[in-house]
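All of the numbers you see were taken from the coordinates with simple rules; none came from a lab. This is a predicted model, so every value here is computed, not measured. Reconstructed Cβ throughout: ideal geometry from the backbone, glycine too, with neighbour counts over all protein chains shown.
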Amino acid sequence: MFDWIQFFADWLIFGVFNIAEESRLGISLSFFVYDTLKILLLLFVIVMVMGIVNAYFPVERLRDYLNRKKLYGFEYFFAALFGSITPFCSCSSVPLFIGFVQGGVPLGVTLSFLITSPLVNQIAVAMFLGFFGLKATLIYAVSGILLGTFGGWFLGKLKLEHLLTDWVKGILANAQEKAAYEEEKRTFIQRLPAITREAWDIVRGVLLYIIIGIGIGAAMYGYVPEDFFEQHLGQDKWWTVPLAVILAVPMYANVAAIVPVIQVFVAKGIPLGTAIAFMMATVGLSIPEGTLLKKVMTFKLLAIFFATITIFIIISGYVFNLIL
Amino acid sequence: MKTIKILGTGCAKCKSTHANVLKAIDEANIQAEVIKVEDITEIMTYNVMSTPALVVDEVVKIKGRVPDVSEIKDLLA
């Protein structure tokens, strides 16, 4: 499927820049061009598809769906599923949270959405697809949705409403006014330019991180000895999964840069499950998001929320390592 | 005179929305008061769930995306 990109990369490096085909530099550069172009293309396509999906399912509609329909326990799953298709921006997490609880969506269901929204996001999915292939991406996405489903369900069972901040409690007390929202009246063709532009903006925004990530990955590839990690951080060491998850928490902003580096770790012997757990913690648990959520959650609730996701991710890491 | 509010907690998208609004009123020669609303409590009174949002005379016109200059001009016309 991507042969033509490889062809182009080879032509550019060996033909145009005239770098010898057998040289180490030539091979590295050709890989670099190929990887970067492939990822950018995947990212653009995925962001476009998500943009089109979102034009038809705005969050307001998703909320009303979760609110009105009797879903017999499946509401957690649907909230997590919706979370995965909604593009995530940490600055929107508070408005989303308020909008959901204000509209009468239970706290646990809201949290299902809030867990999955950053966890399964378009950039992470595109990067995963490009570097680890379809199977690993599906495992990542499906387990992210399941994690959100059960995480939200578990937190819902804990009855944590009293740990919301007073501001949110005030909103809840005089909520229930049916929020009418204007349907978009523009046609698909009218919206397409905006969707395309947005997709392009997203791709441009992460371009630098991707190049840095691929660069670091390529440099590491040549210098880290084969099986280095397998010896030191292999599957027989039980503490690698928790360690990976904890190390990942402060890394939020650079998700696009992290996947190419992780790929090298995997190539050099880190189990794929540990790598997926690391990825999930990178995107799913972030300090900037935590500071924003302090507006709506007391410290105690925030700690319970983060601890639950951390533990769920660690468990998933062990499960992946067992089944993969 | 129109009152235009840009709702957003200060992320990059909110800044580009603000810039586009300024450009639009400048190009179309519209007299308008442009206010950036960054306080989350106030943002929530408009019932928006995704930012940035554009409010013209207290009516939410656009939410969750960055409108381009020509679209803003159409909204204000």
**Asked** D for region A:29-110, whole µm²/s, Stokes-Einstein with Kirkwood Rh over alpha-carbon pairs at 37 °C and 0.692 mPa s: what number?
**Response** 225
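For region B:2-76, what is the percent of antiparallel DSSP beta bridges, rounded to the nearest 5?
In region B:2-76, approximately 55 percent of DSSP beta bridges are antiparallel ones.
Provide Rg over Rh for region B:2-76; use the alpha carbon set for both Rg and the Kirkwood Rh (inverse mean inverse pair distance).
Taking Rh as the inverse mean 1/r over Cα pairs, Rg/Rh reads 0.93.
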**Integer Hz, Karplus 6.51/-1.76/1.60 couplings in order for region A:154-164, x for Gly and Pro** = 4, 5, x, 5, 6, 6, 9, 3, 5, 9, 6
**Request:** For the protein assembly as shown, report the translational diffusion coefficient in µm²/s to the nearest whole number, using Stokes-Einstein at 10 °C, 1.306 mPa s, and a Kirkwood Rh over Cα pairs.
**Result:** 70
**Request:** Any chance you could give the angle, 0 to 90 degrees and rounded to 10, that helix A:93-102 forms with the longest Cα principal axis of chain A?
**Result:** 30
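Around A:Gly217, under 15 Å between beta carbons, what's the net of Lys plus Arg minus Asp minus Glu among the other residues?
Once all neighbours under 15 Å are counted, the net charge is +1.
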**Asked** Quick one: Karplus J couplings for region B:37-52, per residue in order, coefficients 6.51, -1.76, 1.60, θ = phi - 60°, nearest Hz, x for Gly and Pro?
**Response** 9, 10, 7, 4, 5, 6, 4, 5, 5, 8, 6, 9, 10, 9, 10, x
**Asked** If you wrap a convex hull around the Cα atoms of region A:230-324, how much volume per residue is inside, in Å³?
**Response** 84
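If we count other beta carbons within 10 Å of each Cβ, what is the order of A:Ile314, A:Ile145, fewest first? If you can, show how the numbers build up before the last one.
Working: A:Ile314 19, A:Ile145 24.
Fewest-to-most Cβ neighbours within 10 Å comes out as A:Ile314, A:Ile145.
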**Under Karplus coefficients 6.51, -1.76 and 1.60, residue-wise ³J(HN,Hα) of region A:292-297 in Hz, glycine/proline x** = 5, 5, 4, 4, 10, 10
**MRE, 222 nm, helices only [DSSP H, n ≥ 4, -39500 (n - 2.57), over the protein assembly as shown, to nearest 500]** = -22000 deg cm²/dmol
**Item:** Share, in percent, of DSSP beta bridges within the protein assembly as shown that are antiparallel, nearest 5
**Value:** 60
**Message:** How large is the Kirkwood hydrodynamic radius of region A:23-174, counting all unique pairs of alpha carbons, in Å?
**Reply:** 16.9
**Message:** Quick check: residue separation of A:Tyr223 and A:Leu192 times 0.36 nm, minus the Cα distance between them. What number comes out in nm?
**Reply:** 6.6 nm
**Amide proton proximity set for B:Ile62, modelled H, under 5 Å, gap of 5+** = B:Leu54
**Fill in**
The set of residues whose placed amide H lies less than 5 Å from the amide H of B:Ile35, leaving out same-chain residues fewer than 5 positions away, is B:Ile4, B:Lys5, B:Ile6
**Item:** Distribution of pairwise C-alpha distances over region A:125-166, 5 Å bins, in %
**Value:** 5, 21, 16, 14, 12, 10, 9, 9, 4, 0
**Message:** Given an 8 Å cut-off on Cα distances and at least 6 residues of separation, report the relative contact order of chain B as a percent.
**Reply:** 41
**Message:** Nearest 10 degrees is fine. How inclined is helix A:59-68 to the longest principal axis of chain A, computing both from alpha carbons?
**Reply:** 50
**Helix axis angle, B:12-28 relative to chain B longest principal axis, alpha carbon, degrees** = 20
**Asked** Which value, in debye to the nearest 20, describes the size of the charge dipole of chain B about its Cα centre when Lys and Arg Cβ atoms bear +1, Asp and Glu Cβ atoms bear -1, and nothing else is charged?
**Response** 220
**Prompt:** Quick one: Cα convex hull volume of region A:1-56, Å³ per residue?
**Reply:** 67
**Message:** Counting pairwise Cα distances across region A:79-165, what percent come out greater than 22 angstrom?
**Reply:** 28
